[in-house]
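Working notes for the structure below.
The values are calculated or read from the model by the stated rules, or taken from the named source; none is laboratory data. In this text, all values refer to a predicted model and were calculated from it rather than measured experimentally. No Cβ is skipped: glycine too gets one built from the backbone with ideal geometry, and neighbour counts run over all protein chains shown.
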Amino acid sequence: MSNPLISVSDLTVTFGGSRPVHAVNGVSFTVGTGEVLGLLGESGCGKSVTLRSLLRLHPPRRTTYGGRIEVDGHDILSMSEEQLRRYRGSVTSMIFQEPLLAFDPVYSIGRQISEAIRRHRAMDGTAAEAEAIRLLDRVQIPQAARRYHAYPHEMSGGMRQRAMIALALSCRPKLLLADEPTTALDATVQIQILLLLRELQREMGLSIIFVTHDIGVAVEISDRVAVMYAGRIIEEGPIAGIIGGPAHPYTRGLLASTVTQNMRGTRLEAIPGAPPDLADLPPGCAFAPRCSHASATCLASIPAYETHAGRGVACFHSLNDEGVPPSVTAKVS
Amino acid sequence: MSNDLPLPSAEDRGGPAQPILIVNGLRKHFPLGGGLFGGNKGAVHAVDGVNITVPKRTTLGIVGESGCGKSTTARLLTRLIEPDEGEVIFDGEAVGVPGGMPLKELRRNLQLVFQDSFASLNPRMTIERAIAFGPQVHGLPASEAIERSRHLLDRVGLEPGRFGGRYPHELSGGQRQRVNIARALAFNPRLIILDESVSALDKSVQAQVLNLLMDLKDELKLTYMFISHDLNVVQYISDHVMVMYLGQVVEVGPVEEVYAHPRHPYTKALLSAVPSLDPARRTERTPLTGDPPNPINPPPGCRFRDRCPKAHAVCAEIAPPSVAVGADHRVACLMADPASGHPDAS
Ligand SMILES: Nc1ncnc2c1ncn2[C@@H]1O[C@H](COP(=O)(O)OP(=O)(O)O)[C@@H](O)[C@H]1O
Ligand SMILES: Nc1ncnc2c1ncn2[C@@H]1O[C@H](COP(=O)(O)OP(=O)(O)O)[C@@H](O)[C@H]1O
Ligand SMILES: [Mg+2]
Ligand SMILES: [Mg+2]
């Protein structure tokens with residue numbers, strides 16, 4: 001992948017105030033055209049803040065960005081407001097957990113979609129309406145021409161989520177940012193939305209960054225996955241590789257503590273403790289206080305993010321296939 | 001462990017073979033419209049003729065899409081709301097009838113823990129006092145109630161000296177849910193209904209709380225009803241599982257049997273909607289289309305029929321009765337009843 005569509009390097013995001021919150025602490029990743037990157041991690045680890053940075057959606061006065069974000073040749077962090085306005089929606093758009101936030105409650109969903117189309121594409125009202133109906137139909141909303149006139153609150157959760165996808169895709173973006181769009185849905189509806197996104201992604205050659213806390217969802221949607229902890233990516237790789245052989249003790253712990261099929265009668269391997277306060281990060285590896293492999297080095301310094309053969313990991317004691325750090329194996333044998 | 005507690009555990013009256021809870025024909029309809037003349041718009045059939053049996057010291061998982069009546073069932077059983085109809089028998093004693101178990105005693109024996117760890121705690125009360133509050137209302141002297149509260153904090157993994165004086169907002173979600181569990185335990189209940197109690201927690205913390213629940217169940221001889229939308233967690237923690245659809249039970253049985261051999265088409269669909277976690281076996285087809293419907297004035301016959309791949313004309317005519325298809329395994333589907341006239345019946 002010589003020329004990725006998205007390239008984020010050493011991104012930092014700090015929110016000001018008397019106790020500054022270091023929400024993102026040096027995040028780097030790339031996403032190719034037509035690739036789906038899952039951004040996985042537990043609540044508060046900085047997934048949404050990272051994602052929203054790609055649209056520069058944080059309150060400008062309180063937010064300090066560092067590093068660089070490049071999307072389709074645009075340098076996001078140095079764009080003017082006018083450039084940002086054109087970039088939002090047309091190059092990059094976003095869907096999230098609560099579709100009611102995407103829509104204005106006083107206009108029909110169809111009208112909002114056709115207005116978005118007219119704003120970004122050279123189409124008159126009639127053509128835009130026809131295109132909006134085509135999109136509503138494409139996201140599998142039954143009786144699309146009739147639903148065009150529906151107000152957001154008149155739709156069920158799953159249908160609203162589909163309408164939001166139609167709105168997000170109405171200006172034919174290259175990158176779709178998805179922030180837990182299926183988290184509030186029943187599993188039966190969630191899988192419908194994931195399959196729809198996968199279909200649309202293939203059809204339109206979209207790149208997607210899909211934020212989730214749910215490993216099962218990440219597996220269904222992602223080509224690659226990046227695992228975040230305390231504002232950093234601590235591990236990254238192809239989804240099968242991460243699930244089959246996690247290299248970071250946190251990833252391993254997260255997988256082990258997730259209840260999957262047929263685990264009855266076994267005791268769960270919980271990770272002790274809780275994630276650190278982002279306003280008061282420890283000096284070394286942020287996971288070290290909870291990590292059974294942690295050494296003095298881990299508590300004192302932050303491990304570098306090292307990449308090898310499509311995998312990346314930030315750990316002084318990264319694990320081999322047996323789930324133990326090579327240094328430990330060496331000592332035992 | 002139970003001997004350490006300052007309050008004696010409620011005694012086992014009926015013996016080990018007597019189910020702790022038997023529910024027959026539980027029903028709750030919420031009228032629509034409400035207003036003075038709004039009586040004829042029909043009703044939400046939130047819980048519509050539900051039968052439940054929970055053996056002692058087991059866990060009954062309850063699953064089904066949102067709106068199917070899981071929380072209403074929990075609220076009816078704990079009498080947060082009044083049922084329209086239905087018989088409740090707690091350890092062999094009919095509840096709320098003359099000569100039976102008084103409601104106050106049921107409330108002590110049957111506790112409910114919700115999903116939202118914040119909403120159920122008073123923001124202006126330290127957690128030590130919040131846990132002591134219930135038993136005090138039930139007549140335990142203040143000093144004993146506090147002693148008991150500190151004991152319970154310790155038991156759910158929160159050091160009383162460090163956490164007892166904190167307020168709910170000074171705790172993480174996982175810690176607050178431990179407080180809610182301690183608060184339920186303070187009544188020395190025999191049955192605890194956990195309504196999505198671990199659903200909002202991060203996986204690493206969820207595992208801690210699930211381990212705690214398993215330990216407490218053994219040590220305190222508890223029985224659980226475990227409501228969750230996470231079918232993997234339900235399989236993990238439950239002995240039996242009950243599947244609800246639009247206010248009714250469509251299938252119930254031993255968890256391993258129902259998961260391995262689901263008989264109701266709805267149960268099959270629910271189970272296949274669970275992501276596999278295997279990148280080589282991604283889901284290729286959706287098991288169900290559309291959103292879960294509302295239980296407003298449900299049509300006659302089988303309520304699942306308009307989403308069912310196996311629906312037949314007869315499904316619109318007959319409301320499927322619950323039939324036995326194995327030991328403790330019952331299903332309400334005409335296909336499970338050879339005499340129903342459904343072409344796929346066996
Ligand atoms: N606008 C903001 N101002 C201050 N802190 C914020 C803001 N947005 C997010 N945060 C904090 O940044 C951290 C990471 O949040 P977020 O990215 O939303 O986590 P998640 O991984 O759950 O999506 C959290 O501690 C959150 O409280
Ligand atoms: N107090 C109420 N008034 C009217 N309808 C209600 C009330 N409580 C619940 N319902 C309705 O009853 C049905 C079942 O709800 P609930 O038991 O909360 O479902 P679940 O917990 O399975 O998601 C839903 O359609 C819900 O909207
Ligand atoms: Mg988030
Ligand atoms: Mg509920």
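Can you tell me which residues in region B:15-37 are out of contact with any Ser or Thr (no Cβ under 8 Å at 6 or more places or on another chain) and either modelled with pLDDT under 85 or part of a strand (DSSP E or B) (or both)?
Taking region B:15-37 first, the residues out of contact with any Ser or Thr (no Cβ under 8 Å at 6 or more places or on another chain) are B:15-18, B:24-25, B:27, B:29-37.
Answer for region B:15-37, where residues must be out of contact with any Ser or Thr (no Cβ under 8 Å at 6 or more places or on another chain) and either modelled with pLDDT under 85 or part of a strand (DSSP E or B) (or both): B:Asn24, B:Gly25, B:Arg27, B:His29, B:Phe30, B:Pro31, B:Gly33, B:Gly34, B:Gly35, B:Leu36, B:Phe37.
What tally of residues in region A:205-226 results from selecting those that are within 10 Å of the chain's Cα centre (by Cα) and more than 15 Å from A:Leu176 (Cβ to Cβ)?
Final tally of qualifying residues: 4.
Quick grid of which residues meet (1) within 16 Å of ligand 2 (Cβ to nearest atom); (2) within 13 Å of chain B (Cβ to nearest Cβ); (3) on the phi > 0 side of the Ramachandran plot:
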| position | (1), (2), (3) |
| --- | --- |
| A:Met164 | no, no, no |
| A:Leu169 | no, no, no |
| A:Leu185 | yes, yes, no |
| A:Leu195 | no, yes, no |
| A:Pro238 | no, yes, no |
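Condition first: at pLDDT below 95, within 24 Å of the chain's Cα centre (by Cα) and over 18 Å from A:Gly231 (Cβ atoms). Can you find one or more residues in region A:290-306 that meet it?
yes
Could you run through region A:201-233 and say how many residues are within 14 Å of chain B (Cβ to nearest Cβ) and not charged (D, E, K, R)? It would help to see each step written out before you state the result.
Kept after step one, since they are within 14 Å of chain B (Cβ to nearest Cβ), are these residues of region A:201-233: A:201-202, A:210, A:212-225, A:227-230.
Keeping just the survivors that are not charged (D, E, K, R) gives A:201, A:210, A:212-213, A:215-219, A:221-222, A:225, A:227-230.
Qualifying residue count for the region: 16.
Those residues that are more than 10 Å from chain A (Cβ to nearest Cβ) and either in contact with a Leu (Cβ under 7 Å, 6 or more places away or on another chain) or free of Cβ contacts under 8 Å to residues at least 24 places away in the same chain (or both), I need them from region B:202-219; list them, please. So that I can check it myself, show each step before the final result.
In the first step, residues of region B:202-219 are kept if they are more than 10 Å from chain A (Cβ to nearest Cβ); the result is B:213, B:216-219.
Hits for region B:202-219 are B:Leu216, B:Asp218.
Look through A:Ala128, A:Ala145 and report the one residue that is touching a Lys or Arg at 6+ places or on another chain (Cβ under 6 Å) and either crowded, with 19+ Cβ neighbours inside 10 Å or more than 26 Å from B:Pro295 (Cα to Cα) (or both). Before you say what the answer is, go through the steps one by one.
On the way: A:Ala145 fails: touching a Lys or Arg at 6+ places or on another chain (Cβ under 6 Å).
Testing whether each residue is touching a Lys or Arg at 6+ places or on another chain (Cβ under 6 Å) and either crowded, with 19+ Cβ neighbours inside 10 Å or more than 26 Å from B:Pro295 (Cα to Cα) (or both) leaves just A:Ala128.
Please specify each residue of region B:137-194 satisfying the condition of being without any contact (Cβ under 8 Å) to a residue 24 or more places away in the chain and under 20 Å from B:Gln115 (Cβ atoms).
B:Gln175
Take the residues in region B:45-104 that are of a type in the set (S, T, N, Q), in contact with a strand residue (DSSP E or B) (Cβ under 9 Å, 6 or more places away or on another chain) and closer than 20 Å to B:Asn297 by Cα; name whichever of them is nearest to ligand 4 (Cβ to nearest atom). I'd like the intermediate steps shown before the answer.
If we filter region B:45-104 for residues that are of a type in the set (S, T, N, Q), which is where we start, we get B:51, B:53, B:58-59, B:66, B:71-73, B:78.
Still in the running and in contact with a strand residue (DSSP E or B) (Cβ under 9 Å, 6 or more places away or on another chain): B:51, B:53, B:58-59, B:71-73, B:78.
Then keep just the ones that are closer than 20 Å to B:Asn297 by Cα; that gives B:71-73.
Working: B:Ser71: 3, B:Thr72: 8, B:Thr73: 9 Å.
If we take residues in region B:45-104 being of a type in the set (S, T, N, Q), in contact with a strand residue (DSSP E or B) (Cβ under 9 Å, 6 or more places away or on another chain) and closer than 20 Å to B:Asn297 by Cα, then B:Ser71 is nearest to ligand 4 (Cβ to nearest atom).
Here are the criteria: (1) of a type in the set (Val, Ile, Thr); (2) over 22 Å from the mean Cα position of the chain (by Cα); (3) more than 14 Å from chain B (Cβ to nearest Cβ). Tell me which single one A:Ile141 does not satisfy.
(3)
Out of B:Pro320, B:Pro254, I need the residue that is within 14 Å of chain A (Cβ to nearest Cβ) and not hydroxyl-bearing (Ser, Thr, Tyr). Which one? Write out each step before concluding.
Working: B:Pro320 fails: within 14 Å of chain A (Cβ to nearest Cβ).
Sole residue among the options that is within 14 Å of chain A (Cβ to nearest Cβ) and not hydroxyl-bearing (Ser, Thr, Tyr): B:Pro254.
From (1) away from ligand 3 (no atom under 16 Å from the Cβ); (2) buried (at least 24 other Cβ atoms within 10 Å of the Cβ); (3) farther than 19 Å from B:Val274 by Cβ; (4) hydrophobic (A, V, I, L, M, F, W, C), pick out the condition that doesn't hold for A:Val189.
(3)
When B:Arg263 is evaluated against the numbered criteria (1) closer than 22 Å to B:Ser346 by Cα; (2) in a loop (DSSP other than H, G, I, E, B); (3) at the interface with chain A (Cβ under 10 Å from one of its Cβ atoms), which criterion, by number, is the only one it fails?
(3)
Evaluate the following for B:Asp328: is it away from chain A (no Cβ under 14 Å), under 25 Å from the mean Cα position of the chain (by Cα) and acidic (Asp, Glu)?
Values: away from chain A (no Cβ under 14 Å): yes; under 25 Å from the mean Cα position of the chain (by Cα): yes; acidic (Asp, Glu): yes.
So B:Asp328 passes the test.
With the condition kept exactly as written, say whether any residue in region A:281-288 is surrounded by fewer than 18 Cβ atoms within 10 Å (Cβ to Cβ), away from chain B (no Cβ under 13 Å) and in contact with a strand residue (DSSP E or B) (Cβ under 9 Å, 6 or more places away or on another chain).
Going residue by residue through region A:281-288, those that are surrounded by fewer than 18 Cβ atoms within 10 Å (Cβ to Cβ) are A:281-283.
If we keep only those that are away from chain B (no Cβ under 13 Å) as well, we get A:281-283.
Narrowing further to those that are in contact with a strand residue (DSSP E or B) (Cβ under 9 Å, 6 or more places away or on another chain): A:281.
Yes, region A:281-288 contains a residue that is surrounded by fewer than 18 Cβ atoms within 10 Å (Cβ to Cβ), away from chain B (no Cβ under 13 Å) and in contact with a strand residue (DSSP E or B) (Cβ under 9 Å, 6 or more places away or on another chain).
Just checking, how many residues over region A:240-250 are away from chain B (no Cβ under 11 Å) and out of contact with any Ser or Thr (no Cβ under 8 Å at 6 or more places or on another chain)?
Let us first name the residues in region A:240-250 that are away from chain B (no Cβ under 11 Å), namely A:245-249.
Now drop any that are not out of contact with any Ser or Thr (no Cβ under 8 Å at 6 or more places or on another chain), which leaves A:245-246.
Adding up the residues that qualify gives 2.
Within region B:114-130, track down each residue that is over 13 Å from B:Tyr167 (Cβ atoms) and away from ligand 4 (no atom under 16 Å from the Cβ).
Matches in region B:114-130: none.
Quickly run through region B:46-83 and pick out the residues that are farther than 21 Å from B:Ser199 by Cβ and within 8 Å of ligand 2 (Cβ to nearest atom).
Scanning region B:46-83 gives a single hit, B:Ile81.
Look through region A:133-158, keep the residues that are hydrophobic (A, V, I, L, M, F, W, C) and modelled with pLDDT of 95 or more, and return whichever of them is nearest to A:His120 (Cα to Cα).
Here is the first cut: in region A:133-158, the ones hydrophobic (A, V, I, L, M, F, W, C) are A:133, A:135-136, A:139, A:141, A:144-145, A:150, A:155.
This time we only want the ones that are modelled with pLDDT of 95 or more, so: A:133, A:135-136, A:139, A:141, A:144-145, A:150.
Numbers: A:Ile133: 17, A:Leu135: 15, A:Leu136: 18, A:Val139: 20, A:Ile141: 23, A:Ala144: 22, A:Ala145: 22, A:Ala150: 23 Å.
Once the filter is applied, the top-ranked residue is A:Leu135.
Might you check whether a residue that is free of Cβ contacts under 8 Å to residues at least 40 places away in the same chain, facing another protein chain (nearest Cβ under 9 Å) and not hydrophobic (A, V, I, L, M, F, W, C) occurs anywhere in region B:235-243?
Narrowing region B:235-243 to residues free of Cβ contacts under 8 Å to residues at least 40 places away in the same chain: B:236.
In the following step, the residues that additionally are facing another protein chain (nearest Cβ under 9 Å) were identified as B:236.
Subset that is not hydrophobic (A, V, I, L, M, F, W, C): B:236.
Yes; the residues of region B:235-243 include at least one that is free of Cβ contacts under 8 Å to residues at least 40 places away in the same chain, facing another protein chain (nearest Cβ under 9 Å) and not hydrophobic (A, V, I, L, M, F, W, C).
Are any residues in region A:66-76 touching a residue at least 12 places away in the same chain (Cβ under 8 Å) and over 14 Å from A:Ser28 (Cβ atoms), and if so, which ones?
Initially, region A:66-76 is screened for residues touching a residue at least 12 places away in the same chain (Cβ under 8 Å), giving A:66-72, A:74, A:76.
Result: A:Val71, A:Asp72, A:His74, A:Ile76.
Check whether at least one residue in region B:86-94 is surrounded by fewer than 17 Cβ atoms within 10 Å (Cβ to Cβ) and within 11 Å of ligand 2 (Cβ to nearest atom), and report yes or no. Talk me through it step by step, then tell me what you get.
Start the filter on region B:86-94 by keeping residues that are surrounded by fewer than 17 Cβ atoms within 10 Å (Cβ to Cβ), which leaves B:87, B:92, B:94.
With the extra rule that they be within 11 Å of ligand 2 (Cβ to nearest atom), the set shrinks to none.
The answer is no; no qualifying residue exists.
Do you know which residues across region A:251-274 are more than 8 Å from chain B (Cβ to nearest Cβ), farther than 19 Å from A:His317 by Cβ and not polar (S, T, N, Q)?
A:Gly265
Quick one: which of B:Ser199, B:Ser228 is in contact with a His (Cβ under 9 Å, 6 or more places away or on another chain) and either within 14 Å of chain A (Cβ to nearest Cβ) or within 19 Å of A:Glu42 (Cβ to Cβ) (or both)?
Values: B:Ser228 fails: in contact with a His (Cβ under 9 Å, 6 or more places away or on another chain).
Sole residue among the options that is in contact with a His (Cβ under 9 Å, 6 or more places away or on another chain) and either within 14 Å of chain A (Cβ to nearest Cβ) or within 19 Å of A:Glu42 (Cβ to Cβ) (or both): B:Ser199.
For the structure I just gave you, tell me whether A:Ala150 is without any contact (Cβ under 8 Å) to a residue 40 or more places away in the chain, more than 21 Å from the chain's Cα centre (by Cα) and farther than 30 Å from A:Gly253 by Cβ. If you could, list the steps in order and put the result at the bottom.
Numbers: without any contact (Cβ under 8 Å) to a residue 40 or more places away in the chain: no; more than 21 Å from the chain's Cα centre (by Cα): yes; farther than 30 Å from A:Gly253 by Cβ: yes.
Here the answer is no, as A:Ala150 does not meet what is asked.
Would you say B:Ala280 is among the hydrophobic types (A, V, I, L, M, F, W, C), within 9 Å of another protein chain (Cβ to nearest Cβ) and more than 25 Å from the chain's Cα centre (by Cα)?
Here the answer is yes, as B:Ala280 does meet what is asked.
Within region A:33-47, is there a residue that is assigned by TED's automatic domain parsing to the domain that holds A:Thr251, touching a residue at least 40 places away in the same chain (Cβ under 8 Å), more than 9 Å from ligand 1 (Cβ to nearest atom) and over 26 Å from A:Leu255 (Cα atoms)? Give the steps one after another, and end with the answer.
Going through region A:33-47, the residues assigned by TED's automatic domain parsing to the domain that holds A:Thr251 turn out to be A:33-47.
When the remaining residues are screened for being touching a residue at least 40 places away in the same chain (Cβ under 8 Å), the result is A:33-47.
When the remaining residues are screened for being more than 9 Å from ligand 1 (Cβ to nearest atom), the result is A:33-38, A:40.
Adding the requirement that they be over 26 Å from A:Leu255 (Cα atoms) leaves A:33-34.
Yes - at least one qualifying residue is present in region A:33-47.
So, in region A:68-86, exactly how many residues are touching a strand residue (DSSP E or B) at 6+ places or on another chain (Cβ under 6 Å) and more than 16 Å from ligand 1 (Cβ to nearest atom)? It would help to see each step written out before you state the result.
So the first thing to find is which residues in region A:68-86 are touching a strand residue (DSSP E or B) at 6+ places or on another chain (Cβ under 6 Å), and the list is A:68-71, A:76-77.
Retained after the next criterion (residues that are more than 16 Å from ligand 1 (Cβ to nearest atom)): A:68, A:70-71, A:76-77.
Summing the residues that are touching a strand residue (DSSP E or B) at 6+ places or on another chain (Cβ under 6 Å) and more than 16 Å from ligand 1 (Cβ to nearest atom) in region A:68-86 gives 5.
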